Amino acid sequence: MAAFDFAPLLPAGSPAPAARWTGLAKFSFVGGNNDADAVPVEGLTAAVNAVLKREGRSLATYGLAHGPQGYRPLRDFLSEKLARDGGMSAGPDDIMIVSGSLQALDLVNQALLARGDTVIVEQDSYQGALTRLSRLGVNVVGIPLDKDGMRMDALAAALSDLEARGIRPKYIYTIPTVQNPTGSIMPEAHRAELLRLADAYGVPIFEDDCYADLTWDGKRPRAIHAMSGNGNVIHIGSFSKSIAPALRVGFIVAPWQIMAQMLALKTDAGSGALEQMVLAEYCVPHFSTHVPALTRGLRAKLDTLVEALNAQFGTSAEFEAPQGGIFLWVKLPDNVDTLKLYQAALKDGVSINPGPEWSTDKAHSKSRLRLCFASPTHQEIRDGVAVLADVCRREFGVPLRSANVAKTGTG
Ligand SMILES: Cc1ncc(COP(=O)(O)O)c(C=O)c1O
C-alpha cells in the first residue's frame, strides 16, 4: 500500500523539511556542545536524589505549584547570581524559566515581531537567532563587529538611516558578553553608548547573555539590563553553557508588561520541572566552584585548537583569541568557500559551521568558519584540524604548508 502523503496538507510557509539524523561526525566542531568531562555528574546525581526525596511529590502538580514562571528556588538562585555577577536587580518575579534560551528567543519574537518588521542584530551572530528571523519574514539589519563587539558608530548610522526612512526597529539583539561567534566582550562604555542610542531612538535591547559565565578571568562587565534606567532591556540566559545543554533550561528577565505577554504565549504548561529542581539543588552550593573548573578546561582546549591551527594552517588561518566561551571564529584565505569546505570535510569525518550560516553578510563570511572547541577531546582537536587542513588544501589549494613542512610542489 502506498504510504499516506502528508505533503498536500502542509500549510504555505512551512519550513524546509529536516534531514534525518545520521549521527555526529568523527571530528565534530559544530554546535554549542559542551565538554562531556566537565558535566558535574556526581553533583547532579546527588542533587537528583536529594531533591526527589524531599520534594518529589510536588511533581504531581503542573509547574510544581510554583506558578508559570518556574520553580521558585531556581528563580531565587538566579536572582542572586544575576545581582552578584551582572549587577542586575531582578527579583524572582522578574524571571521566567524556559525550555532553553531558544524558547526565550521564540517568546520574545512572538511577543514583538510581525512579518515585515525590522530588527537590528550583530553582523556575525547566532544562527538560531538568524534563522528564526528569516522564517518570520523580518528585515534584519546587521551591524559590523570589532574586538569590542557591535560597532557603535555603525549602529548610530543604521538607526539614523532607518529613522530617515520612517522605520522604528523592534529591537537591537546583541550577545555582548562572549559574542557568538566572535568571542568578544563589549566593554561597559560601549554598553552605555548602546543604551544611549537605544533610548534616543526608542528601541528596546534584547540582551542574550548565555555565555556570560564562561569568561577566562571569571569577570564580566555589568549586564546591559543592569545599566538601563528605564526597563528597556529584555535579558535572556541559559544553563546550557555553564552546566549542560541537553537539560534545556534557560530563563528570561523582563519587565512585567512584556513578561505578561510572553506568559500568555508560553502554552506548554511549564518547562521540565525535574531539570529545574535538580539545577537549583546543584547550583546553590556548587555553581561558583564548578564554573572556574569548567572554564579552565575550555581554555586549555582553546590553546590546543590554536596550536593545531597554527601548525596545520600557518598564516592561512586568522583569528582573534576569544575572551571566553566555546568557539573560535576563523578567517581562511578569500578563495575558500566554507559552505563547500563544510561539505567536503564532512565526507572525511570533520564537521564545521560554515560562516555564511552565522552572518547577515554572506560575502564577509564566505571564507569564515566557526569551530566549537568544547566538545572534541584534545586529541580529536589535533587530528580533526589536520584532516580539515588536508581537505582544504585538496579543495582550495590552501594552506600551502602544513605542520610547518612545505608540501611537495610548493617550493
Ligand atoms: C547566542 C545563543 N543564544 C541562545 C542559544 C540557545 O541555547 P539554549 O537553548 O541551549 O539555552 C545559543 C546556543 O548555542 C546561543 O549561542
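The values are calculated or read from the model by the stated rules, or taken from the named source; none is laboratory data. Only a predicted model underlies this, so the values are computations on that prediction, with no experimental measurement involved. All Cβ positions, glycine included, derive from the backbone under ideal geometry; neighbour counts span all protein chains shown. In case anyone asks, the SASA skips ligands and DNA or RNA and just uses the protein heavy atoms, side chains included. Shrake-Rupley method; radii C 1.70, N 1.55, O 1.52, S 1.80 Å.
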Failed item, numbered, when residue 156 is tested on (1) open to solvent by less than 40 Å² (accessible area, probe 1.4 Å); (2) away from the ligand (no atom under 16 Å from the Cβ); (3) touching a residue at least 40 places away in the same chain (Cβ under 8 Å); (4) within 21 Å of residue 251 (Cβ to Cβ): (4)
Residue within segment 275-283 that is modelled with pLDDT of 95 or more, within 16 Å of the ligand (Cβ to nearest atom), under 26 Å from residue 129 (Cβ atoms) and surrounded by 24 or more Cβ atoms within 10 Å (Cβ to Cβ) present: yes
Residue list for segment 319-341, restricted to those being in a strand (DSSP E or B), more than 25 Å from residue 397 (Cα to Cα) and of a type in the set (A, V, I, L, M, F, W, C): 327
Matching residues, segment 357-411, being more than 20 Å from residue 340 (Cβ to Cβ) and modelled with pLDDT under 95: 401, 403, 404, 405, 406, 407, 408, 409, 410, 411
Members of segment 215-230 that are closer than 19 Å to residue 83 by Cβ and within 20 Å of the chain's Cα centre (by Cα): 215, 218, 219, 220, 221, 222, 223, 224, 225
Yes/no for residue 212 being under 17 Å from residue 103 (Cβ atoms), at pLDDT 95 or above and small (Gly, Ala, Ser): no
Restricting segment 12-33 to residues that are modelled with pLDDT of 95 or more and of a type outside the set (Val, Ile, Thr), the residue that is farthest from residue 286 (Cα to Cα): 20
Those residues of segment 115-142 which are in a strand (DSSP E or B) and either within 16 Å of the ligand (Cβ to nearest atom) or within 18 Å of the chain's Cα centre (by Cα) (or both), in sequence order: 119, 120, 121, 122, 124, 140, 142
Scope segment 242-270; condition within 16 Å of the ligand (Cβ to nearest atom), open to solvent by less than 30 Å² (accessible area, probe 1.4 Å) and under 24 Å from residue 88 (Cα atoms); matching residues: 242, 243, 244, 249, 250, 251, 252, 253, 254, 262
Filter result for the condition that a residue is in contact with a Ser or Thr (Cβ under 9 Å, 6 or more places away or on another chain), touching a residue at least 24 places away in the same chain (Cβ under 8 Å) and open to solvent by 10 Å² or more (accessible area, probe 1.4 Å), over 365, 375: 375
Qualifying residue in segment 320-341 (condition: open to solvent by 10 Å² or more (accessible area, probe 1.4 Å) and small (Gly, Ala, Ser)): yes
When residues of segment 79-114 are limited to those that are in a helix (DSSP H, G or I) and small (Gly, Ala, Ser), the one farthest from the ligand (Cβ to nearest atom): 83
Of residues in segment 190-201 being within 23 Å of the chain's Cα centre (by Cα) and free of Cβ contacts under 8 Å to residues at least 40 places away in the same chain, the one nearest to residue 151 (Cα to Cα): 191
Residue tally, condition within 16 Å of the ligand (Cβ to nearest atom), part of a helix (DSSP H, G or I) and in contact with a Pro (Cβ under 9 Å, 6 or more places away or on another chain), over segment 198-241: 1
Matching residues, segment 94-107, being in contact (Cβ under 8 Å) with a residue 60 or more places away in the chain and under 20 Å from residue 233 (Cβ atoms): 94, 95, 96, 97, 98, 101, 102, 103, 104, 105, 107
Residue 104 vs. criteria farther than 22 Å from residue 16 by Cβ and more than 18 Å from the chain's Cα centre (by Cα): no
Lone qualifier among 35, 85, 117 - being at negative phi, open to solvent by 40 Å² or more (accessible area, probe 1.4 Å) and in contact (Cβ under 8 Å) with a residue 12 or more places away in the chain: 85
Scope segment 11-29; condition open to solvent by 30 Å² or more (accessible area, probe 1.4 Å) and within 16 Å of the ligand (Cβ to nearest atom); matching residues: 24
All positions within segment 56-72 that are touching a residue at least 12 places away in the same chain (Cβ under 8 Å), in a helix (DSSP H, G or I) and open to solvent by 50 Å² or more (accessible area, probe 1.4 Å): 59, 62, 72
